[in-house]
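These notes concern the structure reproduced below.
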Amino acid sequence: NQPFPWRHAQRTSPFSVTSFSFSSPPLRKLPPTSLYITLFSVILSPSSSPSPLPTNLSPPPDLTTTMSREQELLAADIVDRGVVEGSQAFSVRVRRRLPDFLGSVNLKYVRLGYTYLLSHGVYFLAAPVLLAVFGVHVGRLTWQDFFPECHAVDALFIVGLLGLMLYIYFDLAPRSVYLVDFACFRPPNELKISKAEFIRLAKQSGNFTDASIEFQHRGLKNSGLGDSTYMPRSVFRPAPHKITLRDGREEAAMVMFGAVDDLLAATQIRPKDINILVVNCGVLNTTPSLASMVINHYKLKHNINSFNLGGMGCAAGIVAVDLARDLLTAYPCSHALVVSMEAVSYTWYSGNRTDMLLPNCFFRMGAAAMLLSSCRIDRWRSKYELKQLVRTHKGMDERSFKSIRVREDAEGKKGISVSKDVIEVGGHALKANITTLGPLKLAFEHVCILATSKKVLDELQSHLELTEEYMEASRKTLERFGNTSSSSVWYELAYLEANSRVKRGDRIWQIAFGSGFKCNSVVWKALRNVRKPRVSPWVEEPN
């Protein structure tokens with residue numbers, strides 16, 4: 001007998017009032033089952049007019065918000081209960097509304113599913129037929145049919161059907177990409193150079209002022225490089241000699257073919273079995289390409305998928321692995337050869353701009369060759385499995401874009417310019433890369449950071465809070481081989497193998513930075529305990 005706070009009413013036939021809004025507890029507190037609310041009896045004749053409604057009754061603001069939100073989740077039905085004790089009565093049934101499936105489904109995944117259905121339609125069409133035939137055939141068998149006296153045709157049919165089902169399963173299952181093995185090139189001893197010899201030859205070349213010599217001396221002192229790195233002597237020839245394309249091609253041939261020769265010897269793979277070739281070099285880009293040089297030297301087959309990546313800096317090695325992975329996925333059961341190198345003779349700067357002299361102090365000769373496979377049968381002989389690869393590009397930012405670039409000075413001398421913002425830019429790129437990498441960043445047993453310089457490694461160790469054990473491979477590689485550009489992370493992995501650090505199940509995180517500005521990382525999982533290799537850049541040959 002309490003007054004009901006009507007807020008809204010509509011007049012239709014045959015009843016004067018057919019819909020109501022009323023105060024109630026928040027609907028989200030209602031039980032999930034159907035809720036029935038019996039309204040007060042309403043006595044209205046079909047011809048009568050509704051009584052005037054109060055105008056000062058309105059729900060509180062929070063109720064309006066709650067009702068508008070709950071209207072998306074709940075639906076109401078009015079049920080006529082007829083005349084009860086001389087009064088017209090009806091009920092309102094509140095139930096949960098069905099989800100808006102059309103609005104919640106991402107059409108992109110619908111298209112992907114449709115494409116997948118079309119590309120594998122033969123399996124979906126053949127599977128029901130085969131299952132039906134199999135069911136009918138099995139239904140005819142008796143217990144004795146499963147013993148040796150069963151017909152050979154029946155046995156062959158069952159075996160063939162099981163084999164077909166296994167083939168379909170393995171064909172539809174996603175394929176892994178394996179790193180069968182890799183090799184790093186160690187230049188001959190006559191190309192070794194100490195820091196003192198570097199300064200002596202730079203002075204003899206006559207290309208540098210005293211101030212530039214002093215600057216490079218300080219740079220070498222704080223670089224973290226040792227006295228056994230490698231450099232081509234052509235860069236120290238006195239003026240007016242200039243580095244030629246021939247110098248670059250000769251250096252590229254030495255380091256590339258040296259690494260590939262060691263890889264082919266270690267894996268025993270024939271050149272004609274290589275289906276994909278990816279070569280990357282930052283500064284040296286020739287015609288024919290470096291990839292064509294490899295094809296010509298090893299006489300690779302005519303239908304090989306070859307790619308030559310240039311201008312992508314020290315991060316190009318992981319870009320090459322990413323490209324090879326995509327191609328191996330597109331061409332199942334294939335082998336990919338990836339070669340990462342840099343021509344130091346083409347990065348050499350013979351001028352006197354300080355921002356372009358720093359690369360002279362760090363870059364040294366080196367190259368690495370990797371054999372990747374998407375063949376499941378290669379898993380037993382492979383060292384690692386590719387688990388995750390993340391690429392981050394900050395080229396949309398002007399400071400990042402100009403932080404590392406090849407340019408000419410006022411005298412027209414070409415070299416690599418490194419800005420003062422490069423460490424800050426690299427930190428932002430690394431942060432974005434780690435964020436994308438996700439929770440796996442907490443599950444690494446080994447870390448291989450591009451051996452750029454001692455200062456950069458110190459900054460990364462501080463920001464990532466890494467122990468000296470994690471940094472050992474990077475620091476030792478910088479000391480022994482210097483910055484070998486995109487191949488640096490492979491010299492670091494070779495260091496871990498040479499010291500028997502890699503065990504079955506270990507995860508190795510390789511991080512590389514490059515112009516653009518790019519930060520790329522790749523995660524490998526060891527498939528077995530990796531023994532100390534017989535041929536390694538870290539294993540000194542007997543005199």
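Between L162 and R218, the simple label model (points 7 Å from Cα in the Cβ direction) yields a spacing of 7.6 nm. Take the Cβ atoms of T209 and N285, set R0 to 22 Å, and the FRET efficiency comes out at 0.10. Rounded to 0.05, the FRET efficiency of the K455 and E411 pair, given R0 = 30 Å and the Cβ-Cβ distance, is 0.60.
Between T244 and R504, the C-beta separation translates, for a Förster distance of 35 Å, into a calculated FRET efficiency of about 0.10. For K383, the lysines whose Cα falls under 16 Å of its own Cα, not counting residues fewer than eight places away in the same chain, are K503, K525, K532. Expressed as a whole percent, the accessible surface of the range 219-274 that belongs to carbon and sulfur atoms is 52, based on a 1.4 Å probe.
Sparsely packed loop sites in the range 409-466 (the trypsin sites (Lys or Arg not before Pro) outside DSSP H, G, I, E and B with at most 15 other Cβ atoms within 10 Å) comprise K420. Please go through the residue pairs K299/K394; K221/K387; K192/K272; K402/K455 and name each one whose alpha carbons sit more than 28 Å apart in this structure. Flagged as over cut-off: K299/K394; K221/K387; K192/K272.
The values are calculated or read from the model by the stated rules, or taken from the named source; none is laboratory data. Computed from a predicted model, the values in this text were never measured in an experiment. All Cβ positions, glycine included, derive from the backbone under ideal geometry; neighbour counts span all protein chains shown. Accessible surface areas use protein heavy atoms only, side chains included; no ligands, DNA or RNA. Shrake-Rupley method; radii C 1.70, N 1.55, O 1.52, S 1.80 Å.
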